[in-house]
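Please read the structure below before turning to the comments.
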Amino acid sequence: MMASTALRLVSRPWVAWFLVVLLLGQMAAVMVTTAVQQTPTIDEPVYVGTAADYLHAHEVRYNPEHPPLGKLVVAVGVAIADPHYDSQFTGTQGALGRHLLYESGNDPWDVMLWARLPVIALTLLFGLVVFLFARDVAGRAAAFVALALYVFSPDVIAHGSLATLDVPAAGFLLTSAWLLWRARHRPRRYLPLAGLALGAALATKMSTLTAVPVFAALAVVAVWRAGWRRALVGAVGVVVAAFAVVWVSYLVVDPRLRWSPAPGEIPGVRGLRGLAVELLPVPEAYRDGMRVQFRFENQAWQGFLFGRLYTGSRWYYLPAALLVKTPLGMLALWAAGAVAMLAVRRLRRAAVFVLLPAGVLLASAMTGSRDLGTRYAVFLPMFLAVAAGCALVLRRVWVTGALVAFVAVSSLRTFPYYLPYSNEAFGGPARTHLRLHDSNVDWGQDLGRLADRYRGEPMWLVYKGAGVPSYYGIRASDPRTVPAERVRGLLVVSDSAAAKATGRLAELLRTSRAVDDVGHSITVYRR
């Protein structure tokens with residue numbers, strides 16, 4: 001009785017939109033607070049420095065391995081911050097970001113906050129897409145379940161609070177899938193929009209190229225009733241619009257499309273990969289970026305899973321990492337929603353637009369060589385939030401509500417440490433470093449917190465990140481450069497560095513005692 005009353009209440013438009021604003025407002029407050037407290041993560045200075053270069057040089061010169069659109073989003077915030085930019089600087093893209101933040105008289109806290117705010121705003125807009133997609137598929141009550149899972153997703157909050165590219169690329173794919181779903185009834189309006197959203201994803205991260213054939217097929221499915229010829233024309237139109245967005249993103253940076261990489265910067269790519277690169281209708285800078293990405297894929301990266309360090313990749317890494325880093329209630333609702341979409345006849349057509357792209361994108365991500373974090377699958381909490389809303393169709397309203405509440409409590413308990421989140425079955429964020437590393441736990445985000453706690457105290461520091469410890473008042477030396485007997489007092493080690501410790505560092509850790517942790521990503525030892 002009470003459940004049906006609640007469902008009738010949220011069916012009122014003003015109540016519904018009030019709750020939407022409330023949920024997204026809560027998410028905004030959490031993300032902004034998180035953004036304010038975190039120092040630059042490893043990738044952010046590269047993107048922020050490149051965005052500043054776009055604004056001043058109007059040329060694609062840095063970070064070719066990623067297309068410009070995501071960095072143009074970051075550039076909106078950088079333009080507002082208006083940091084001093086050294087146009088005479090020459091150096092690598094990593095050095096560019098460090099120079100902008102720490103060596104040019106700028107306040108890195110201010111610059112980073114402004115750089116992150118446009119991504120936060122985009123993340124909130126994608127939450128609205130989740131709500132509308134789920135409402136179109138299964139009704140308003142299902143939409144609230146979907147939105148609640150989205151706004152409390154630790155992975156979405158963590159990476160949506162950073163000036164990085166993972167959430168924007170995933171959100172654009174979700175938007176394209178939703179618009180293709182709507183194109184079933186209004187193809188002329190929604191097919192072009194779906195193509196533009198797909199293009200925005202392609203213009204943000206090259207890994208989204210995997211989605212092109214899938215979304216072209218979805219375009220065919222969406223308008224198949226109008227005849228196979230129109231369906232094929234619609235699919236071609238979606239693909240053409242997508243690649244047009246890629247071209248526009250480069251033209252916005254530089255209308256002359258200048259591109260002159262340094263000698264040796266771009267590797268050669270042969271075989272089928274090389275042929276694919278040559279055949280893609282994209283600017284030359286995009287092709288060279290793909291070649292750089294293929295070089296990354298050919299490298300042997302180190303991974304860390306369930307306490308084991310290894311070289312190479314494991315096909316099961318992402319499913320295992322998601323099992324650790326996804327709230328238990330969310331996992332249950334994902335499964336229930338997927339079952340509902342496949343079992344209930346009226347939802348099966350929608351499953352093609354929700355479960356199929358999520359599955360294909362996950363399968364593609366699982367073939368990657370970099371076992372560095374669930375951020376490579378951050379599209380999953382978005383698509384499966386839509387699916388989870390369909391769990392209400394199984395008529396277990398109170399069970400669904402209880403699971404959503406469990407997710408909310410688990411998420412809020414980790415505030416503001418969302419990057420190192422793990423669910424209760426794996427011990428929570430304080431124990432994530434025992435099972436995972438890199439952007440799952442420690443991405444350099446807690447240098448400021450370390451400074452607040454130990455400012456001015458001499459320490460031995462092994463920091464994995466892009467920040468500059470001395471800027472924050474940290475007096476540190478590298479313990480790996482001196483004999484072990486000289487290392488006395490505070491030994492501070494980033495948990496990712498500890499996970500991969502060998503030789504002298506491993507010996508120092510074995511002979512030290514852990515006394516504190518900072519943000520669940522840096523461990524303080526005494527020796």
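The values are calculated or read from the model by the stated rules, or taken from the named source; none is laboratory data. This one's a predicted model, so the numbers in the text were calculated from it and none came from an experiment. Backbone-built Cβ (ideal geometry, glycine too); neighbour counts: all protein chains shown.
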Would you mention how many residues in segment 323-356 are surrounded by fewer than 20 Cβ atoms within 10 Å (Cβ to Cβ), more than 20 Å from THR400 (Cα to Cα) and either in contact with a His (Cβ under 9 Å, 6 or more places away or on another chain) or among the aliphatic types (A, V, I, L, M) (or both)?
2
Being more than 28 Å from TYR150 (Cβ to Cβ) and either in the same structural domain as THR175 (by TED's automatic domain parsing) or within 18 Å of the chain's Cα centre (by Cα) (or both) narrows GLU103, GLU44, GLU65, GLU59 down to just GLU65
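Scan segment 224-258 for residues that are in a loop (DSSP other than H, G, I, E, B) and more than 30 Å from HIS56 (Cβ to Cβ) and report the count.
Taking segment 224-258 and keeping what is in a loop (DSSP other than H, G, I, E, B), we get 227, 254-258.
Narrowing further to those that are more than 30 Å from HIS56 (Cβ to Cβ): 227.
Result for segment 224-258: 1.
Taking the stated definitions as given, is PHE126 assigned by TED's automatic domain parsing to the domain that holds LEU173, within 22 Å of the chain's Cα centre (by Cα) and buried (at least 17 other Cβ atoms within 10 Å of the Cβ)?
Values: assigned by TED's automatic domain parsing to the domain that holds LEU173: yes; within 22 Å of the chain's Cα centre (by Cα): yes; buried (at least 17 other Cβ atoms within 10 Å of the Cβ): yes.
Against the criterion (assigned by TED's automatic domain parsing to the domain that holds LEU173, within 22 Å of the chain's Cα centre (by Cα) and buried (at least 17 other Cβ atoms within 10 Å of the Cβ)), PHE126 qualifies.
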For segment 259-291 the number of residues that are outside any helix (DSSP H, G or I) and under 25 Å from PHE172 (Cα atoms) is 4
Across segment 268-305, what is the number of residues that are more than 26 Å from the chain's Cα centre (by Cα) and within 16 Å of GLN93 (Cβ to Cβ)?
0
Looking only at segment 353-379, filter to residues that are in contact (Cβ under 8 Å) with a residue 60 or more places away in the chain and out of contact with any helix residue (DSSP H, G or I) (no Cβ under 6 Å at 6 or more places or on another chain); which one of those is nearest to ALA194 (Cα to Cα)?
LEU356
Taking the conditions exactly as written (assigned by TED's automatic domain parsing to the domain that holds VAL386, out of contact with any helix residue (DSSP H, G or I) (no Cβ under 6 Å at 6 or more places or on another chain) and assigned to a helix (DSSP H, G or I)), does LEU132 satisfy them or not?
yes
Complete set of residues in segment 469-527 that are in contact with a helix residue (DSSP H, G or I) (Cβ under 8 Å, 6 or more places away or on another chain), outside any loop (DSSP other than H, G, I, E, B) and among the polar types (S, T, N, Q):
SER496, THR523
Every residue in segment 8-42 that is charged (D, E, K, R) and either part of a helix (DSSP H, G or I) or at pLDDT 95 or above (or both), please.
ARG8
